[in-house]
2 protein chains.
Amino acid sequence: MTTVLDRLLLVTTLLGDDMTGALEREGLTTARTHLLWQLVMLGPSTQQALAVALDVTPRNVTGLVDGLEQTGFVTREPHPSDRRAILVTPTERAATLMARMQGEHAELSIALVEGLSPREVVAFEAALDVVTANLQRLLAEQP
Amino acid sequence: MTTVLDRLLLVTTLLGDDMTGALEREGLTTARTHLLWQLVMLGPSTQQALAVALDVTPRNVTGLVDGLEQTGFVTREPHPSDRRAILVTPTERAATLMARMQGEHAELSIALVEGLSPREVVAFEAALDVVTANLQRLLAEQP
DNA sequence: TATTGTTATACTCTATAACTATA
DNA sequence: TATAGTTATAGAGTATAACAATA
């Protein structure tokens, strides 16, 4: 019997494949894209701030920024008032790409529910929220 | 505005966290568990067969089997008729664990839809199937 | 000649610990 | 003394290419 969980896991796999493929074509990975996404939202940030935002170690951020720098998505700029720190700054290319990806995200949002009536979409969203709440409760109970 | 896609991505993240945490407690990773899962379904298999089933390179399978062997989940047995090949075989421990995880999977399936009526669950499953089909079509169109 | 698995090499993501420069 | 970032080291997952043993 195929359950809700089975279906969700399948969607998870498919979404992951779709995202990974799209990013690969742009010379990005999921981890680097997460950083870039935070960066676009936060504006130029120290690696320390990015480590907190992404919940990874500072050392990990060093590696991700290394990769993004080499591929032209960010630059390391001196911090104006703290000579220990660095401001990771998105390049024009990165800003353009993130904007385009936001558009594609919106398109995918629409394409995904093609074939469902507006009422069905609303019910689907409500059900997803219930499932999300259940999951979060389970995770909080024994992590 | 929070879309269906946003909600699905959130569920995806939460499910991933839940699975990763549960596996970590058992000394497993997601990649190794995928192999183990296939192995339990296929029965003792050559690494070649596993590479095909998992859609990874034979070299990758060597690494995964190395890890599973060291942690006591599989053994490498000689192939009865082909001296080039190896039969990767799940240990008793692996079989027991996979059976238990199957049970936990079933429990999670139920806990996930707590608060939804049977009719809502059916509608939810149908909507998930529509979304899955849409996703698969999009992936087939330009991969 | 083709297949099975391994060694060799490389890249990415991730972590901890020790160290440097600066606050 | 505390903080920001790096070097050093390590493990996991992934890939390609070359090679040995066997078919």
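Every number here is computed from the coordinates shown, using simple stated rules; none is lab data. Computed from a predicted model, the values in this text were never measured in an experiment. A quick note on method: Cβ atoms are made from the backbone with ideal geometry, for glycine too, and the neighbour counts reach across all protein chains shown.
Going residue by residue through the stretch A:81-97, is there one that turns out to be under 25 Å from B:Leu5 (Cα atoms) and of a type in the set (Ser, Thr, Tyr)?
Initial filter on the stretch A:81-97 (under 25 Å from B:Leu5 (Cα atoms)): A:94-97.
Now drop any that are not of a type in the set (Ser, Thr, Tyr), which leaves A:96.
Scanning the stretch A:81-97 turns up at least one residue that is under 25 Å from B:Leu5 (Cα atoms) and of a type in the set (Ser, Thr, Tyr).
Which number in (1) farther than 27 Å from A:Leu139 by Cβ; (2) near DNA strand D (Cβ under 9 Å from one of its atoms); (3) surrounded by fewer than 17 Cβ atoms within 10 Å (Cβ to Cβ); (4) in contact (Cβ under 8 Å) with a residue 24 or more places away in the chain marks the one condition that B:Ala31 misses?
Failing condition for B:Ala31: (1).
Considering only the stretch A:10-26, state which residues are more than 7 Å from chain B (Cβ to nearest Cβ) and closer than 29 Å to B:Arg119 by Cα. Before the answer, list the steps.
Initially, the stretch A:10-26 is screened for residues more than 7 Å from chain B (Cβ to nearest Cβ), giving A:13, A:16, A:19-20, A:22-26.
Selection gives A:Thr13 alone.
Of all the residues that make up the stretch B:1-12, how many are over 21 Å from B:Asn134 (Cα atoms) and under 19 Å from the mean Cα position of the chain (by Cα)?
Residues flagged as over 21 Å from B:Asn134 (Cα atoms) and under 19 Å from the mean Cα position of the chain (by Cα) within the stretch B:1-12 amount to 0.
Quick one: which helices (runs of 4 or more DSSP H) sit completely within the stretch A:38-121 and have at least 3 residues that are loosely packed, with under 12 Cβ neighbours inside 10 Å, more than 11 Å from DNA strand C (Cβ to nearest atom) and not β-branched (Val, Ile, Thr)?
Values: elements: A:47-54, A:58-70, A:92-112.
Fully inside the stretch A:38-121 and qualifying: A:92-112.
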